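Q: Before anything else, here's the structure in question.
Rule-based calculations on the coordinates, nothing more; no lab input. Since we're looking at a predicted model, the values are computed, not measured. Glycine gets a Cβ as well: all are built from the backbone with ideal geometry, and neighbour counts include every protein chain shown.
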Amino acid sequence: MSTLHTVNKSPFERSALISALNHLRPGDALLMIEDGVVGARKGNAFAGLFDDAARDCEIYVLAPDLAARGIAESDVIARAKLVDYGGFVDLVAAHQRTQAWL
């Protein structure tokens, strides 16, 4: 069973991103939303953590939340795919479970 893991908190404030990354299994996906999108910026302290996860899992970032925080799409790590709200819905439908990391 595949799981969509969502992270909505900044990794600079909470450990939700680390917890989600530690629980990813092959076939799962990680979607960063709300303040969680901060973790997907190139060059930050967390950017290197995605390399291992992206080998077996897909990494997504909600583009409207990037825009709301003034983060350019070009500032997002290379392994992340940008999705809109429709893409968010598609991800939920494509996975058997959704786990929100708070």
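Q: Among the listed residues ALA93, ALA45, ALA53, which satisfies the condition of being within 19 Å of ARG14 (Cβ to Cβ) and loosely packed, with under 11 Cβ neighbours inside 10 Å? Full working, then the answer.
A: Numbers: ALA93 fails: within 19 Å of ARG14 (Cβ to Cβ); ALA53 fails: loosely packed, with under 11 Cβ neighbours inside 10 Å.
Of the residues listed, the single one that is within 19 Å of ARG14 (Cβ to Cβ) and loosely packed, with under 11 Cβ neighbours inside 10 Å is ALA45.
Q: Can you tell me which residue among ARG14, ARG41, ARG25 is of a type in the set (D, E, K, R) and either farther than 22 Å from THR98 by Cβ or in contact with a Cys (Cβ under 6 Å, 6 or more places away or on another chain) (or both)?
A: It is ARG41.
Q: So how many residues does region 5-34 have that are of a type outside the set (Gly, Ala, Ser), surrounded by 17 or more Cβ atoms within 10 Å (Cβ to Cβ) and in contact with a Phe, Trp or Tyr (Cβ under 9 Å, 6 or more places away or on another chain)?
A: Going residue by residue through region 5-34, those that are of a type outside the set (Gly, Ala, Ser) are 5-9, 11-14, 17-18, 21-26, 28, 30-34.
Subset that is surrounded by 17 or more Cβ atoms within 10 Å (Cβ to Cβ): 5-9, 11, 17, 21, 24, 28, 30-33.
With in contact with a Phe, Trp or Tyr (Cβ under 9 Å, 6 or more places away or on another chain) added as a condition, the list becomes 5-9, 11, 17, 21, 30-33.
Final tally of qualifying residues: 12.
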